[in-house]
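Asks: What follows is a structure written as structure tokens; I'll ask about it next.
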Amino acid sequence: MILPAVVDLYVGNADWLVFAISASLIGGLAIGVATATQGVRPPVSARFGFLLVNILWITTAAAGAVPLYLASFELSLTDAVFESVSALTTTGSTVISGLDSLPPGLLLWRSVLQWIGGVGVIALGLFVLPFLRVGGVSYLRIESSDIGDRPIARLSSFMATLVAAYTLLTFACAVAYKIAGMTGFDAMNHAMTTLATGGFSTHDASLGHYSETPAVLWVGTFFMFVAALPFSILILLALRGRVDPLGDPQIKVFAGYCAAFVLMVAVYWRLTADVPLGTALTHSAFNFVSIITTTGYASGDYSAWGPFVVACAFVATFLGGCSGSTSGGVKAYRFNIMFELLASGLCRLIYPSSVETVRYAHRTVDREMQRAVVLFIAVFLLLLCTFTLLLSLAQVDFVTALTGALTALTNVGPGLGEVIGPAGNFAPLSDAAKWILVAAMLLGRLEILAVLVLLSPVFWRE
């Protein structure tokens, strides 16, 4: 909170005091808790881990909402919490209009929250959820970036290397944005939200503010794609020069459906609207890599490009990037394993006595991992229906309810329709609808099962 305080103080905005007071309050509370619990060692168990992960994300989101609530912009408590949760979960949905005239400290704070959330998501996927046997637990055993292949043996050293790589990529992205035509302030803010695949912008039009600058859009496309790759594999590539991990099946699946959607939409838009092929390819690549990587930037209202594009955007919202990245969504490795399960099941229908193994990267996927993938997708679809119904009860129209629930669970950002589409935002929704979406964003970010386990009576038994 000190960074935006310094920025606001430099430009003479009175909100610097809000950030200074918020920093003192949160810092004082944190020091008090640390002092009071000094020497207390909590149990290292899965049960404590589940509780800790949920508490950390909820309290960090609450802390992030403090300066948003106290700032001169006068957000309601609901809007401040929504904006903070959207930032930390790298969803990118916003309730704020007039971003172009917002104080720089507040714009920077939104970007910093997303950047912190991004590195938190990587740590969650690589270290925390595997320990809790949720999300990527068995997957980390079979992927090419497994513990035995990690470039740094000790966890603390690996985490430091991870943060360093994340920071260097952010600065590289900022420099590229600046060279492409952004102002320095815009470049730094958008670099943070690009690497976090978060999608917050300093402009109401998002990257549509630079729609006439193709270089900016291609820089964004490239770094969004990189941020959705497994960071452990990126570190192996940078430190050891190893290119073999890039053959990871999930990367092939991710790159494949990115290319397919970009080309389909570009060709469709070129043929139906007589748009120059270069323009169609630039905007198609930017917008659909943004959706698939769950970043949520938009270079324009792609929902006006035709019904086929709207359908593609809806389907792409499910997909997501790779495990161990800042991306959300269902993720590519689950699609890979689901396809293998389907192929195995069909084969057994023809040869009932055959013994079929599900493989990933030349290794057998154990029963636990198969169960985890099927369970996640089943619960995901169940929650999508549930949140759609809840939003409908909050007087939200069907398209907004369905795509709002979907974009919250996948942490994408914009939905479809006139209200929350790429040309709108979430401000018109009722407070009840916003709190429903807050719950959905947290569930989606914590891989759903890590939250639902707390609702099980078994969790609270002695």
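Asks: It is to be established whether one or more residues within the range 388-396 are among the β-branched types (Val, Ile, Thr), within 30 Å of His209 (Cα to Cα), more than 20 Å from the chain's Cα centre (by Cα) and in a helix (DSSP H, G or I).
Replies: no
Asks: Shifting gears a bit: Quick one: in the range 442-462, of everything that is among the aliphatic types (A, V, I, L, M) and free of Cβ contacts under 8 Å to residues at least 24 places away in the same chain, which residue is nearest to Arg47 (Cα to Cα)?
Replies: First, pick out the residues of the range 442-462 that are among the aliphatic types (A, V, I, L, M): 442-443, 446, 448-455, 458.
Next cut, free of Cβ contacts under 8 Å to residues at least 24 places away in the same chain only: 455, 458.
On the way: Leu455: 12, Val458: 10 Å.
Among those that are among the aliphatic types (A, V, I, L, M) and free of Cβ contacts under 8 Å to residues at least 24 places away in the same chain, it is Val458.
Asks: I would also like to ask the following. Count, please, the residues in the range 288-308 that happen to be surrounded by 24 or more Cβ atoms within 10 Å (Cβ to Cβ) and free of Cβ contacts under 8 Å to residues at least 60 places away in the same chain.
Replies: Selection size over the range 288-308: 1.
Asks: Out of Val330, Val374, I need the residue that is surrounded by 13 or more Cβ atoms within 10 Å (Cβ to Cβ), without any contact (Cβ under 8 Å) to a residue 40 or more places away in the chain and closer than 24 Å to Ala450 by Cβ. Which one? Give the steps one after another, and end with the answer.
Replies: Details: Val330 fails: without any contact (Cβ under 8 Å) to a residue 40 or more places away in the chain.
Residue meeting the stated conditions: Val374.
Asks: Conditions: (1) loosely packed, with under 15 Cβ neighbours inside 10 Å; (2) under 15 Å from Thr407 (Cβ atoms). Thr317 meets all but one. Number of the miss?
Replies: (1)
Asks: If the Cβ limit is 6 Å and pairs must be 6+ apart or interchain, which residue in the range 1-17 that is loosely packed, with under 14 Cβ neighbours inside 10 Å pairs with which residue that is of a type in the set (A, V, I, L, M, F, W, C)?
Replies: Cβ pairs passing all conditions: Ile2/Ala23.
Asks: Six or more apart or on different chains, Cβ atoms under 6 Å: show the pairs whose first residue is in the range 248-267 and free of Cβ contacts under 8 Å to residues at least 40 places away in the same chain and assigned to a helix (DSSP H, G or I) and whose second is among the hydroxyl-bearing types (Ser, Thr, Tyr) and surrounded by 15 or more Cβ atoms within 10 Å (Cβ to Cβ).
Replies: Val262/Ser284; Ala266/Ser284
Asks: Give the residues of the range 66-99 that are in a helix (DSSP H, G or I) and of a type in the set (Phe, Trp, Tyr), sorted by residue number. Steps first, answer last, please.
Replies: Narrowing the range 66-99 to residues in a helix (DSSP H, G or I): 66-70, 77-88, 99.
If the condition is that a residue be in a helix (DSSP H, G or I) and of a type in the set (Phe, Trp, Tyr), then Tyr69, Phe82 are the ones that fit.
Asks: To continue, here is another question. I need the full set of residues from the range 327-363 which are more than 22 Å from Val265 (Cα to Cα) and touching a Phe, Trp or Tyr at 6+ places or on another chain (Cβ under 8 Å), in order please.
Replies: Residues satisfying the conditions are Tyr333, Arg334, Asn336, Ile337, Glu340, Tyr360.
Asks: Filter the range 417-449 down to the residues that are of a type in the set (A, V, I, L, M, F, W, C) and not in a helix (DSSP H, G or I), then identify the one that is nearest to Gly120 (Cα to Cα). Give the derivation first.
Replies: The first filter runs over the range 417-449 and keeps only residues of a type in the set (A, V, I, L, M, F, W, C), leaving 419-420, 423, 426-427, 429, 432-433, 435-443, 446, 448-449.
Remaining after also requiring not in a helix (DSSP H, G or I): 419-420, 423, 426-427, 429, 446, 448.
On the way: Val419: 30, Ile420: 26, Ala423: 29, Phe426: 25, Ala427: 27, Leu429: 28, Leu446: 11, Ile448: 16 Å.
By that ranking, first place goes to Leu446.
Laboratory data are not the source of any read-out in this text; all were calculated from the coordinates shown. In this text, all values refer to a predicted model and were calculated from it rather than measured experimentally. Cβ sites come from the backbone with ideal geometry, for glycine too, and all protein chains shown count toward neighbours.
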